[in-house]
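Before any comments, here is the structure.
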Amino acid sequence: MKLISWNVNGLRAICDKNALDWIANEKIDFIGFQEIKAHEEKFPKKIYEYPFKYMYFNSAKRAGYSGVMSLCNFECETKKCEFFDDDEGRVLEHRFNDVVLFNIYFPNGQKDEERLNFKMKFYADFLKYLDKLLKEKKHIIICGDVNTAHKEIDLTHPKANANTSGFLPIERAWIDDLLKLGFIDSFREINGDIKEKYSWWSYRMKARERNVGWRIDYFFISKGLKSKLKNAFIREDIFGSDHAPVGIELDI
């Protein structure tokens, strides 16, 4: 099974650029988009033309903001957020067999202290929900834009960003807690401590061209799926957003 996650930074914009056409030429079982920034009546017609049997979405109440969408080729029970008051369209939860697959656009805390507190509450509530699912013996896959780089290796300028939301100790500690709960950072599991591999670059100062970036997009898997993990990758060759698609291959 091949799964992809991509913060598209606007579904209409990325379709206008034909930047999703590559997915028609690859055998993808699931693709989760974050930050679609659209309600159903504003979805571009082209999104219905790609080779997927099922579409699910959770749009923010606020127009032109946030939102997630999943396209897949397998049947699943799908829910919106079960652990948080999700007016911002941040979560889709897909269940099939004994697997729970999350497509999440995690909050950004850079605006002000209020938004940082919002982000940390979202993190905490999600961790509690994951603990509950693990106790129910579920296998779990989490994909999405987590909006935090975990280690110094995961961004170009760690020291300069030590006091910036997205690399604050409290944010990074949440990823530590997630791993302690038994989750695996699939990219590091497969690729080890490979350097200069990022999934987001600012639009400013030719950051992507110079590879001045952050790795903030992830696939985390519960430890019961570790033996099923065959590959994990970042598609830096795919353009159209300030993020690159990330993905995994699982033998399930």
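The values are calculated or read from the model by the stated rules, or taken from the named source; none is laboratory data. These numbers were taken from a predicted model, which means no experiment stands behind them. Cβ: placed from backbone, ideal geometry, glycine included. Neighbour counts: every protein chain shown. These area figures cover heavy atoms from the full protein model, side chains too; ligands, DNA and RNA do not enter into them. Shrake-Rupley method; radii C 1.70, N 1.55, O 1.52, S 1.80 Å.
Which one is nearest to residue 95 (Cα to Cα) among residues in the stretch 128-146 that are open to solvent by 10 Å² or more (accessible area, probe 1.4 Å) and of a type outside the set (Lys, Arg)? Among residues in the stretch 128-146 that are open to solvent by 10 Å² or more (accessible area, probe 1.4 Å) and of a type outside the set (Lys, Arg), the one nearest to residue 95 (Cα to Cα) is 139.
Scanning the stretch 84-111 for residues that are more than 16 Å from residue 60 (Cα to Cα) and of a type outside the set (Lys, Arg) yields 94, 96, 97, 98, 99, 100, 101, 102, 109, 110.
Suppose the filter is surrounded by 17 or more Cβ atoms within 10 Å (Cβ to Cβ) and either closer than 19 Å to residue 101 by Cα or at pLDDT 95 or above (or both); does residue 180 pass it?
On the way: surrounded by 17 or more Cβ atoms within 10 Å (Cβ to Cβ): no; either closer than 19 Å to residue 101 by Cα or at pLDDT 95 or above (or both): yes.
No.
Of the residues that sit in the stretch 155-169 and are under 20 Å from residue 107 (Cα atoms) and not hydrophobic (A, V, I, L, M, F, W, C), which one is nearest to the chain's Cα centre (by Cα)? Looking at the filtered set, the residue picked out is 166. Within the stretch 198-231, can you find the residues that are under 15 Å from residue 5 (Cβ atoms), part of a loop (DSSP other than H, G, I, E, B) and of a type outside the set (Gly, Ala, Ser)? Of everything in the stretch 198-231, those that are under 15 Å from residue 5 (Cβ atoms), part of a loop (DSSP other than H, G, I, E, B) and of a type outside the set (Gly, Ala, Ser) turn out to be 198, 215, 216.
Please pick out the residue among 140, 190, 194, 175 that is in contact with a helix residue (DSSP H, G or I) (Cβ under 8 Å, 6 or more places away or on another chain) and among the β-branched types (Val, Ile, Thr). Steps first, please.
On the way: 190 fails: in contact with a helix residue (DSSP H, G or I) (Cβ under 8 Å, 6 or more places away or on another chain); 194 fails: in contact with a helix residue (DSSP H, G or I) (Cβ under 8 Å, 6 or more places away or on another chain); 175 fails: in contact with a helix residue (DSSP H, G or I) (Cβ under 8 Å, 6 or more places away or on another chain).
One residue alone meets the criteria, 140.
Scanning the stretch 37-52 for residues that are in a loop (DSSP other than H, G, I, E, B) and more than 12 Å from residue 70 (Cβ to Cβ) gives 37, 38, 39, 43, 44, 50, 51. Per the conditions (1) modelled with pLDDT of 95 or more; (2) among the small types (Gly, Ala, Ser); (3) exposed (fewer than 14 other Cβ atoms within 10 Å of the Cβ), the sole criterion not satisfied by residue 24 is (1). Answer with yes or no whether residue 117 is out of contact with any Asp or Glu (no Cβ under 8 Å at 6 or more places or on another chain) and either in contact (Cβ under 8 Å) with a residue 12 or more places away in the chain or not small (Gly, Ala, Ser) (or both). Against the criterion (out of contact with any Asp or Glu (no Cβ under 8 Å at 6 or more places or on another chain) and either in contact (Cβ under 8 Å) with a residue 12 or more places away in the chain or not small (Gly, Ala, Ser) (or both)), residue 117 qualifies.
Just to be sure I understand, how many residues within the stretch 184-226 are under 27 Å from residue 136 (Cα atoms) and open to solvent by less than 10 Å² (accessible area, probe 1.4 Å)? Adding up the residues that qualify gives 8.
Residue count for the stretch 232-250, restricted to those that are open to solvent by 50 Å² or more (accessible area, probe 1.4 Å) and either closer than 14 Å to residue 3 by Cα or among the hydrophobic types (A, V, I, L, M, F, W, C) (or both): 2.
Here residue 219 passes the criteria (1) free of Cβ contacts under 8 Å to residues at least 40 places away in the same chain; (2) closer than 17 Å to residue 252 by Cα except the one numbered (1). The lone criterion from (1) in a loop (DSSP other than H, G, I, E, B); (2) among the hydrophobic types (A, V, I, L, M, F, W, C); (3) at pLDDT 95 or above left unmet by residue 252 is number (3). In the stretch 90-100, is there at least one residue being modelled with pLDDT of 95 or more, open to solvent by 10 Å² or more (accessible area, probe 1.4 Å), among the charged types (D, E, K, R) and not in a loop (DSSP other than H, G, I, E, B)? Yes, the stretch 90-100 has at least one match.
Going by the conditions given, is residue 31 among the β-branched types (Val, Ile, Thr), farther than 16 Å from residue 105 by Cα and modelled with pLDDT of 95 or more? Considered against the rule, which asks whether it is among the β-branched types (Val, Ile, Thr), farther than 16 Å from residue 105 by Cα and modelled with pLDDT of 95 or more, residue 31 comes out as no.
Testing residue 60 on (1) under 25 Å from residue 128 (Cα atoms); (2) open to solvent by 30 Å² or more (accessible area, probe 1.4 Å); (3) in a loop (DSSP other than H, G, I, E, B), one condition comes back false. Which one is that? Every condition holds for residue 60 apart from (2).
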